[in-house]
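Student: One structure coming up, written as structure tokens, with questions to follow.
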Amino acid sequence: MAGPGTDTIDPTEVMYCVNHPRTETLIRCSRCLDPICLKCAIRTPVGLRCPTCARRGRSPLYVLKPQDYVLTTAVALAVSLVAGALMTQAGLFFALFLSIPVGGIIAEAVLRTTRKRGRPVQIITGVSIALGALAGPLIWRMLASGSLALPANPLVVLASLLNLGSLLYAVLAIGAAAARLR
């Protein structure tokens, strides 16, 4: 487990970083015990580690395969489109109070189907929520009118996209989902 020649640690010994031989240091990797400088040290839940040891312990929750990207996008977009269409009808007052729980529900749906977390999942879910918030009013108008065609007047489309309730919903729901998917 220990690095080469580190059976005993002498506290008076002057150590130099294994990656930067001219940098003096007092820090050792918590796994291999190699001396590392502050530039190389990566903070982990079990202490500071060298870049090699920090990469080794990556949790499978944060490692995505190509099919995980597809599944995450499909689930997040489907739930977000439904939520965006429903939040359009909630009104500004209810959007203020319902956006955070709805963002949590979308994140929970993604977590339960993919069992993955991390920055890529946060980004995919955030973009899906934004698309759902923007397309939600249009979807609701098309369902209410019984026609699957876009309105002829482009100002109606623009008004639907710039709905204040939808924008508020998008910001709050993205924040809640990103926090849940950390």
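Student: What are the residues whose amide H is under 5 Å from the amide H of ILE27, where those residues sit 5 or more places off or on another chain and H is modelled from the backbone?
Tutor: For ILE27, whose amide H was placed from the backbone, the distant partners under 5 Å are ILE36.
Student: What list of ³J(HN,Hα) couplings, whole Hz, do you get for segment 37-54 from phi and the Karplus terms 6.51, -1.76, 1.60, once you set θ to phi - 60° and write x for glycine and proline?
Tutor: 8, 5, 5, 8, 5, 10, 6, 10, x, 10, x, 7, 10, 6, x, 5, 6, 5
Student: Got a sec to turn the phi values of segment 162-176 into Karplus ³J(HN,Hα) couplings, 6.51 cos²θ - 1.76 cosθ + 1.60 with θ = phi - 60°, whole Hz, x for Gly and Pro?
Tutor: With coefficients 6.51, -1.76 and 1.60, one gets 9, 5, 4, x, 5, 5, 4, 4, 4, 5, 5, 5, 5, x, 5 Hz.
Student: Using 1/(1 + (r/R0)^6) with R0 = 30 angstrom and r between the beta carbons of LEU148 and TYR69, what's the FRET efficiency to the nearest 0.05?
Tutor: The pair LEU148/TYR69 has a calculated efficiency of 0.55.
Student: Is the shape of segment 55-95 rounded, prolate or oblate, going by the alpha carbon gyration tensor and its root eigenvalues a ≥ b ≥ c, with a/c under 1.5 for rounded and a/b larger than b/c for prolate?
Tutor: Cα axes put segment 55-95 in the oblate bin.
Student: In whole Hz, with x marking every Gly and Pro, tabulate ³J(HN,Hα) for segment 71-81 from phi via Karplus 6.51 cos²θ - 1.76 cosθ + 1.60, θ = phi - 60°.
Tutor: 3J(HN,Hα) across segment 71-81, in whole Hz: 5, 4, 5, 4, 5, 4, 5, 4, 5, 5, 5.
Student: Only one of the values (i) 1, 8, 16, 19, 17, 13, 10, 7, 5, 3, 1, 0; (ii) 1, 8, 14, 13, 10, 9, 8, 7, 7, 6, 5, 4, 3, 2, 1, 0, 0; (iii) 2, 9, 18, 23, 20, 15, 8, 4, 1, 0, 0 was calculated from this structure for P(r) over Cα pairs in 5 Å bins from 0, in percent; name its label.
Tutor: Evaluating P(r) over Cα pairs in 5 Å bins from 0, in percent on these atoms matches (ii).
Student: Not counting ligands, DNA or RNA, and with a 1.4 Å probe, what is VAL63's accessible surface area in Å² rounded to the nearest 10?
Tutor: Here the residue's solvent-accessible area equals roughly 70 Å².
Student: Moving to a separate point now. Once amide H atoms are placed 1.01 Å from N in the peptide plane, what residues at a sequence separation of 5 or more from LEU48, or on another chain, have their amide H within under 5 Å of its amide H?
Tutor: SER30
Student: When ranked by the protection proxy of mean other Cβ atoms within 10 Å per residue, highest first, what sequence do the peptides 13-26, 115-128 form?
Tutor: Numbers: 13-26: 13.2, 115-128: 19.1.
Top of the packing list down: 115-128, 13-26.
Student: What is the chain's relative contact order, in percent, from Cα pairs under 8 angstrom and six or more apart in sequence? Let's see the in-between values first.
Tutor: Values: 270 pairs, mean separation 39.6, N = 182.
The normalised contact order for the chain reaches 22 percent.
The values are calculated or read from the model by the stated rules, or taken from the named source; none is laboratory data. A quick note: this is a predicted structure, and the numbers were derived from the prediction, not measured. Positions of Cβ are backbone-derived with ideal geometry, glycine not excepted, and every protein chain shown enters the neighbour counts. Keep in mind that these areas ignore ligands, DNA and RNA; they rest on the heavy atoms of the full protein, side chains included. Shrake-Rupley method; radii C 1.70, N 1.55, O 1.52, S 1.80 Å.
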